[in-house]
Amino acid sequence: MPDSATLIMLLEGTCATLYMTLVSTLFGYVLGLPMGIVLAVTDREGIKPNKFVYKLLDFFSNIIRSIPFLILLILVIPLTKAIVGKSYGSSATVVPLVIAAAPFIARMVEASLKEVDKGVVEAAQSMGAGMFTIIYKVLLAEARTSLLVGVTIAVGTILGYSAMAGAVGGGGLGDIAVRYGYHRYQSDIMIITIVILVVLVQILQGIGMLLSKRLDRRVNK
Amino acid sequence: MEPFIRVENLCKTFFAKNGRVEAVKDISFEIGKGDIFGIIGLSGAGKSTLVRCLNLLERPSSGKIYVDGRSLTDLSERELRRARQNIGMIFQHFNLLMQRNVLDNVCFPLEIAGVKKRAARKHAMELLETVELSEKAKAYPAQLSGGQKQRVAIARVLAANPDILLCDEATSALDPRTTKSILELLKEINLRYGITIVVITHEMAVVREICTHVAVLENGRLEETGAVKDVFCSPKTEAAKRLVMNDGPDIVTAAVDENTKEVEDFAG
Ligand SMILES: Nc1ncnc2c1ncn2[C@@H]1O[C@H](COP(=O)(O)OP(=O)(O)OP(=O)(O)O)[C@@H](O)[C@H]1O
Ligand SMILES: [Mg+2]
């Protein structure tokens, strides 16, 4: 059985992981949501097609998404230092996490917005709605359940990446798992961290799915 | 007198991957204020394209559209948005906002027009009364039948207080009885508010039931246009004859019986 010092360490690790995940998700959306909206709007079938803008964002997001996360982590160290002041620890990990997550989030947002019925968008246009009204009151509002499912997926993925960041001193549960399980062969602690990670993912997914179902008005109830 | 809607030499060509499609070829016609104007033709004749040009959902390749004397294609984007508030449109698949309840759907055009929330709700409730759906105000579109959804769409379109209403196969997804009730509602709207209505349909019965004038489209060309009685009793072109003669078993039976009688009386 782990002693109290270990327990405290695990608790802190859990908090650090949650902190990294949630803050990264938040900033990931600060960047990714507008980017996804622009992608959906400027697409050939969008409400303001713009080939140049679309291709540019498309290219940019594909590049970042094709860089393996561990390499990205190292690549952005100068940027991390400039923003956070140091290159290790939970807050420092947020920077590469956000950079990795934003294009991925943008793609999910784009896909969600494109699911919105073209006819409904057209109805809004026929009423004289402008671009921002359509984005806000039609696209985002109609796609809200799909967007929430996206948030849930993003949280799960970012949580996984944050654990990976642990391998290079990012802190959190991933860090603990590597230090104890790999360097010291204390597999019991490693297993506990894995269990905590699984439980965290389950809880976050559960909340997300429940919310998106609650918010969906397309089903009879 | 200047006609209410005037279409001049309208052309629309689509450039698709597999070549170009001339959907509308040099069409000119006029619609008078308060008319109920039917557009008939086979599938692919260009009916939807033509009507979507009337509110510039589709940009014409060339030609002019005048509404109340103003050329739509010469408006700025901002002016066009305002002009569109005056041209309502209802669709075959209703196109309601699925995540908003009925009342908020009807409020939507009022939000676009910048009407205050309370006033908007009050007005929306009155309109729901007009379409006999007051008790469904808090329901969501997914909980309504097709006919009820189209009634919501009609209430929504009326909210902006338009002068023109475009209907693209508005009853094609509905059963005969519901179709009849929706047509009656359209007629009532036409009478009560004096709204000019343009209806696309492939059901001749719909034309007989509500239209005053009709245009026959074939392969993107306007073959014939005139008062319903003239076109239906003595079609001049082959296209019109084919459509009117091949008018199989009537769908809106009861409604049509009365009208055919009228048409026959007129002919005799
Ligand atoms: N966005 C588009 N791109 C390319 N071709 C199009 C487009 N919209 C319509 N068309 C073509 O234009 C022609 C006329 O189409 P339209 O939808 O106006 O016909 P319609 O008379 O409304 O037919 P239906 O009764 O089936 O609705 C068709 O050949 C169609 O394939
Ligand atoms: Mg059509």
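The values are calculated or read from the model by the stated rules, or taken from the named source; none is laboratory data. Since this is a predicted model, take the numbers as computed values, not measurements. Counting neighbours? That spans all protein chains shown, and the Cβs are built from the backbone with ideal geometry, glycine included. What goes into the accessible areas is simple: the full protein's heavy atoms, side chains included, and nothing from ligands, DNA or RNA. Shrake-Rupley method; radii C 1.70, N 1.55, O 1.52, S 1.80 Å.
Quick notes on this one:
- Scanning region B:31-51 for residues that are closer than 23 Å to B:I195 by Cβ, near ligand 1 (Cβ under 7 Å from one of its atoms) and touching a His at 6+ places or on another chain (Cβ under 9 Å) turns up just one, B:K47.
- Exclusive hit being of a type outside the set (V, I, T), within 11 Å of another protein chain (Cβ to nearest Cβ), over 18 Å from the mean Cα position of the chain (by Cα) and in a loop (DSSP other than H, G, I, E, B), set A:A123, A:A141, A:A129: A:A129
- Considering (1) surrounded by fewer than 23 Cβ atoms within 10 Å (Cβ to Cβ); (2) closer than 17 Å to B:R221 by Cβ; (3) more than 16 Å from ligand 2 (Cβ to nearest atom), the lone condition that B:E2 does not fulfil carries the number (2).
- Total residues in region B:144-173 satisfying the condition of being open to solvent by 40 Å² or more (accessible area, probe 1.4 Å) and within 16 Å of ligand 1 (Cβ to nearest atom): the figure is 1.
- Lone qualifier among B:L144, B:L110 - being touching a residue at least 24 places away in the same chain (Cβ under 8 Å) and more than 22 Å from A:T145 (Cα to Cα): B:L110
- Test for B:A83: is it closer than 30 Å to B:R121 by Cα and small (G, A, S): yes
- Filter pass, B:T212 being within 16 Å of ligand 1 (Cβ to nearest atom), of a type in the set (S, T, Y) and under 22 Å from B:V67 (Cα atoms): no
- Close pairs (8 angstrom Cβ cut-off, 6 or more residues apart or separate chains): without any contact (Cβ under 8 Å) to a residue 40 or more places away in the chain and of a type in the set (A, V, I, L, M) in region A:176-196, part of a helix (DSSP H, G or I) and open to solvent by 40 Å² or more (accessible area, probe 1.4 Å) anywhere: A:A177/A:M190; A:A177/A:I194; A:M190/A:Y182
- Tallying residues that are within 16 Å of ligand 1 (Cβ to nearest atom), touching a residue at least 60 places away in the same chain (Cβ under 8 Å) and not hydrophobic (A, V, I, L, M, F, W, C) within region B:65-107 yields 2.
- Matching residues in region A:174-207 - criterion: being surrounded by 19 or more Cβ atoms within 10 Å (Cβ to Cβ) and over 22 Å from A:T6 (Cβ atoms): A:L204
- Which numbered condition A:L210 misses (of (1) among the aliphatic types (A, V, I, L, M); (2) under 30 Å from A:V38 (Cα atoms); (3) open to solvent by less than 70 Å² (accessible area, probe 1.4 Å)): (3)
- Failed item, numbered, when B:E129 is tested on (1) away from chain A (no Cβ under 13 Å); (2) in contact (Cβ under 8 Å) with a residue 60 or more places away in the chain; (3) part of a helix (DSSP H, G or I): (2)
- Residue check, B:E209 open to solvent by less than 50 Å² (accessible area, probe 1.4 Å), under 19 Å from B:I36 (Cα atoms) and not polar (S, T, N, Q): yes
- Residue count, region B:7-47 (criterion: within 18 Å of the chain's Cα centre (by Cα), within 16 Å of ligand 2 (Cβ to nearest atom) and surrounded by fewer than 19 Cβ atoms within 10 Å (Cβ to Cβ)): 3
- In region B:49-61, the residues that are assigned by TED's automatic domain parsing to the domain that holds B:F15 reach residues that are within 10 Å of ligand 1 (Cβ to nearest atom) and in a helix (DSSP H, G or I) with C-beta atoms within less than 9 angstrom, at least six apart or across chains, in these pairs: B:L57/B:V51; B:E58/B:S48; B:E58/B:T49; B:E58/B:L50; B:E58/B:V51; B:E58/B:R52; B:R59/B:C53; B:P60/B:C53.
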